[in-house]
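A.B. asks: Input: one structure, supplied below.
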Amino acid sequence: MDAAVDGQGLATVTLTVQGMSCAACVARVEKTLKQLSGVTGVHVNLLTGKAVVEYHPGGAGIAEMVNAVRDLGYEVPEEELLLTVRGMSCAACVARVERAVRALPGVTDAVVNLPAESAKIRYYAGAIDKARIKSEIDAVGYEASERLTGSEALDREKEARLKELRYQQRNMWIAWPLAILVMVGMFRDTWIFPYFVPKFLGNVYVLWAMTTPVALIPGWQFFKHSWNGLKRGATDMNLLYATGIGAAYTIATINTLWPDAGFGGRGATFFESAALLTAFIVLGRYMEALTRGRTSEAIRKLISLQARTAHVIREGQELEIAADEVRIGDIVVVRPGESIPVDGEVTVGYSAVDEAMITGESIPVEKRPGAQVIGATINKTGSFRFKATRVGGETALAQIIKMVEDAQATKAPIQKLADFVAGHFIAGVHALALTVFLFWFFVGYDAFFTPGSHFILSPYSLSQVGVFGFALLLSVTTLVISCPCALGLATPSAVMAGTGKGAEHGILFKGADSVESSSRLNAVVFDKTGTLTRGEPSVTDVYPLPGFEGNEVLRLAAMAEKPSEHPLGEAIVHGAEAQGLTIEDVKDFEAITGHGVRAVYQDKVILLGNRRLMQQNNISIENLTPELEKFEAEGKTAMLVALDNQAAGIIAVADTLKENAGIAVERLQKMGVQVVMITGDNRRTANAIAGQLGIKTVLAEVLPQEKATEIKKLQDQGLKVAMVGDGINDAPALAQADVGIAIGSGTDVAKETGDIILIKDDVRDVVNAIEIGRATMGKIRQNLVWAFAYNTLGIPLAAGILYPFTGLIVSPELAAFFMAMSSVSLTLNTLLLKRFKPSLGTRVA
Amino acid sequence: MSILEDRTARRSIPIYTGVSVTMSLLFLAATFLTGKSYTAVSRVGGMIWVFILSMIISMPIVIPKIRKKVLG
């Protein structure tokens, strides 16, 4: 239930209260709430867990009620609502929607993203309903609807964009031809125009008749939106346009219909100002609608991967149904070339599946019964059937899309400045316009006006303009040029492009703040096992003594270890298998605890183990000692092999480096990032691995629970630290780091902790994530500098700073052109981020 | 909630209108006090423009403050 007000001015709100278990709890909650100022009645229901509070709106607010309940130890849960908000055009619109929603009782936070056209709202469950939030946004002049997901969202978004484009196209068709005719008519008596422009086109009534539809039809949207906002105390750039167009058109109309009214008469009609101003603003709107959707292309690409239909077996029949109708447990049939509709487990058949779009694995992956398949991947060769295990919003693709969308709906800390400026800008600009007007009215006109005055880039003379008209012109131009639309697009459009670029490479930023933080990193701490190394031992070296061959030594060791379940034994068996060696069965296998194993093959005794095992069996290993010590110094586990009481060689086993670990570490160091390795392993092994990678700082013998403390120590040195590790085991360290990077998360990304999730198990993506973060922040800085520079330079020019020296002023239509170009050029600059390629790029989608 | 909105509007209108009218009158007074000879149209046009801008400046300042008081 929503917060509602009755005829006596009392409001009622229903709060959800969790944690109450008895009548005493009910009494405590009721008593506490009743003590709050303005609360006239409280009714708490234990069974439903609801508290209905009646209160005077002038007293305690909902936030105080919630705090009071929470102080008692109960929980008032919050819910999240994701909306699509259409019709926003600048940072002031964002501030307006956020302010309107945050003012609603029960809403705790609202974050609006302009390019994503989204609003993420948190509110106390039960305190307000979704319809109320949507209607509040509608009331301030925008169109709010619940955000859809998947292909439906894609279709709806496309439809809405086309509708906006068609609307602005229609406005362009009205505004531009008429505005050009008005301009030609206004300058009919100048240059070569008298030779081919008919005289009637210069008639003021004809000009007025052509200007009127331009100002009132394409311009109507600005009057409508600004009035909707103004009556609720909110302003946005529509108001700047409305006052600009309104003032220019009103003066033109007065000077046409009542030339003796004293506003400058027929010589100061400024029809072209009113018409071209509207035309340029509409052009800006059209260009924005055209380019804005492109920054969210990554999401669109991901959504487009989803299969639309699925073939399922139900009641023995194969049916073709919509992919979103597949239920968990359904048997799904997939043929060659088809896209897999949902996640599942293969039950029958064999095929190879291209999973590049999700995991980045470039080689098709073989699928046999028992193998997992991922929705949106493409079946290449054979047919198979699988049992659906995750459908709808639970599929890997849906989780990835949600994570990218959530990230794009957040705000980077750097955006706060832009939001603050934009939020206070409109009132500030009007105050400035008032100051400009008063200055030129009382001081400037008398001091500087000359009859030879002109607009910049225009032959139009201002000789007949009086003090009021002149001051008004400069005031209107200041309003028009000051629009903060570029400021509103600067940060979120780059964040969208950056997070989208990340998703293309299997790098999921959890929020805009992760993008910003990743750009500032100067230290990266890698967990060793499973991150830099494979996390499982494998055979690295085989050293045979004279009289034996390497493969023979390996085969003997593998045969001896075949019955063993020890990880080192398994590594040796896998090593022999990888060499294609035949591993025959042995007799009398014996695991000798702390020493090794013993087995008999063809009546010969094989021994595999440490020095002590050899000593106990009186086997001389003197000629193996130098190699043995060398392997141990490298951090490897070296095992001695003997056959029939004669030393045969050494097998060295170690956790091996991941394929691209060295490249990634080298690249990070070149980027000026300090690389640190952290591990629970002994120092010798840790140093050996670090030595192979060129890592100078090693934190060895660190217990899992101490990793976060080590990260903190690095942060205390002033470093901005990223921790790269397993998203589950390293959670505390990931949380402590400035940026937690969970690597190799696979497809169940929703479970991961960390600020950045790397889908693939590829260390190079750490480099890519930092590079994308840096590129995105670079773009944001460029955009903000451009947006601030535009306004900082544009406003003094529009206010007439050059006029005393040049006799020239900026016309309102030129101001509108600059304004439109500032947002378009900024959007185009952001789109350049699409061409950015990380240096170790491994493109996914 | 519309009752609260109405109450907000009722309380706000006199404030921002009053501020804007005062600004216009101050403008008018200034046109006489400066000693310059402005036409009646300049004076009236200026007053209207000052009134519009003052309304636009004061409405977003006044309404949220009043709403906050009304909604608590």
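The values are calculated or read from the model by the stated rules, or taken from the named source; none is laboratory data. Keep in mind it's a predicted model, so treat the numbers as computed, not measured. Note that each Cβ is placed from the backbone with ideal geometry, even for glycine, and that neighbours are counted across all protein chains shown. When the accessible area is computed, the model is the full protein with side chains, heavy atoms only, and any ligands, DNA or RNA have been set aside. Shrake-Rupley method; radii C 1.70, N 1.55, O 1.52, S 1.80 Å.
A.B. asks: Listed here are the pairs A:Lys367/A:Lys707; A:Lys158/A:Lys231; A:Lys402/A:Lys779; which of them are more than 27 Å apart at the Cα?
C.D. replies: Where the Cα-Cα span goes over 27 Å, the pairs concerned are A:Lys367/A:Lys707; A:Lys158/A:Lys231.
A.B. asks: Additional query: Scan region A:493-585 for trypsin sites (Lys or Arg not before Pro) in coil per DSSP, keeping those whose Cβ has at most 16 other Cβ atoms within 10 Å, and list them by number.
C.D. replies: Filter output for region A:493-585: A:Arg520.
A.B. asks: Taking every DSSP beta bridge that has both residues in the protein assembly as shown, what percent is antiparallel when rounded to the nearest 5?
C.D. replies: 80
A.B. asks: Right, next: log₁₀ I(q)/I(0) of region B:25-72 at q = 0.31 Å⁻¹, via Debye over equal Cα point scatterers, no solvent, to two decimals?
C.D. replies: So the normalised log intensities work out to -1.05.
A.B. asks: Give me the percent of the accessible area of the protein assembly as shown that comes from carbon and sulfur atoms, probe 1.4 Å, all protein chains in place.
C.D. replies: C and S atoms contribute 57 percent here.
A.B. asks: Accessible area per residue, 1.4 Å probe, Å², for the protein assembly as shown: what's the number?
C.D. replies: Roughly 41 Å² per residue, with all protein chains present.
A.B. asks: A follow-up question, please. Taking region A:539-639, how much of its Cα-Cα pair set, in percent, is spaced more than 16 angstrom apart?
C.D. replies: Above the 16 Å cut-off, region A:539-639 has 57 percent of its Cα pairs.
A.B. asks: With all pairs of different alpha carbon atoms counted, what Kirkwood hydrodynamic radius in Å does region A:528-582 show?
C.D. replies: 11.9
A.B. asks: Over 5 Å intervals from 0, what percent of Cα-Cα pairs in region A:426-480 sits in each interval?
C.D. replies: 4, 21, 27, 24, 15, 7, 2
A.B. asks: While we're on this one: Once you have a ≥ b ≥ c as the square roots of the Cα gyration tensor eigenvalues for region A:750-845, tell me rounded if a/c is under 1.5, and otherwise prolate or oblate according to whether a/b is larger than b/c.
C.D. replies: prolate
A.B. asks: What does the extension gain come out to for A:Thr625 and A:Thr108, with contour length at 0.36 nm per residue minus their alpha carbon separation?
C.D. replies: Full extension from A:Thr625 to A:Thr108 adds 179.1 nm.
A.B. asks: Can you tell me how region A:558-703 classifies by the Cα gyration tensor, rounded, prolate or oblate, using a/c under 1.5 as the rounded cut?
C.D. replies: The shape class here is prolate.
A.B. asks: Label points 7 Å out from Cα along the Cβ direction at A:Ile801 and A:Ala24: separation in nm?
C.D. replies: The answer from the label model is 7.1 nm.
A.B. asks: Within region A:76-146, list the chymotrypsin sites (Phe, Trp or Tyr not before Pro) lying in a DSSP loop whose Cβ has at most 10 other Cβ atoms in a 10 Å radius.
C.D. replies: none
A.B. asks: Which whole-Hz couplings ³J(HN,Hα) result when phi for each residue of region A:664-675 is put into the Karplus expression 6.51 cos²θ - 1.76 cosθ + 1.60, θ = phi - 60°, listed in order with x for Gly and Pro?
C.D. replies: Here the 3J(HN,Hα) series is 5, 5, 4, 5, 4, 5, 5, 7, x, 9, 6, 9 Hz.
A.B. asks: Taking just the alpha-carbon atoms of region A:323-379, what radius of gyration and Dmax come out, in angstrom?
C.D. replies: 10.6, 30
A.B. asks: Scan chain A and hand back the longest stretch that contains none of the GluC sites (Glu not before Pro) lying in DSSP loops with at most 10 other Cβ atoms within 10 Å.
C.D. replies: Value returned for the longest uninterrupted segment is A:1-314.
A.B. asks: Further, regarding this structure: Using the C-alpha gyration tensor of chain A, what are the square roots of 5 times its eigenvalues, in whole angstrom, with the largest one first?
C.D. replies: 68, 33, 27
A.B. asks: Nearest 0.05, what FRET efficiency do A:Asp603 and A:Lys380 give at R0 = 41 Å with Cβ-Cβ as r?
C.D. replies: 0.20
A.B. asks: What is the interface area between chains B and A, defined as buried accessible area summed over both chains with a 1.4 Å probe, reported in Å² to the nearest 100?
C.D. replies: Protein heavy atoms only, the B-A interface buries about 2900 Å².
A.B. asks: Here is a further query. At 222 nm, what helix-only mean residue ellipticity would chain A give, in deg cm²/dmol to the nearest 500, using -39500 (n - 2.57) for each DSSP H run of four or more?
C.D. replies: For chain A, the value works out to -14500 deg cm²/dmol.
A.B. asks: Roughly how compact is region A:632-753, stated as its Cα Rg over 2.2 N^0.38 Å to two decimals?
C.D. replies: In units of the 2.2 N^0.38 Å rule of thumb, it is 1.29.
A.B. asks: Students often forget the sequence filter, so: which aspartates and glutamates lie under 18 Å Cα-Cα from A:Lys224 once same-chain residues fewer than 8 apart are removed?
C.D. replies: Straight-distance partners of A:Lys224: A:Glu136, A:Asp138, A:Glu143, A:Glu164, A:Asp236.
A.B. asks: Quick one: which bits of region A:426-448 get at least 30 Å² less accessible when the partner protein chains are in, versus the chain alone, with a 1.4 Å probe?
C.D. replies: Those residues are A:Ala427, A:His430, A:Leu434, A:Phe437, A:Phe441, A:Phe442, A:Asp446.
A.B. asks: Moving on to the next point. Residues of region A:98-127 losing 10 Å² or more of accessible area relative to the isolated chain, 1.4 Å probe, heavy atoms only?
C.D. replies: A:Arg99, A:Ala103, A:Pro105
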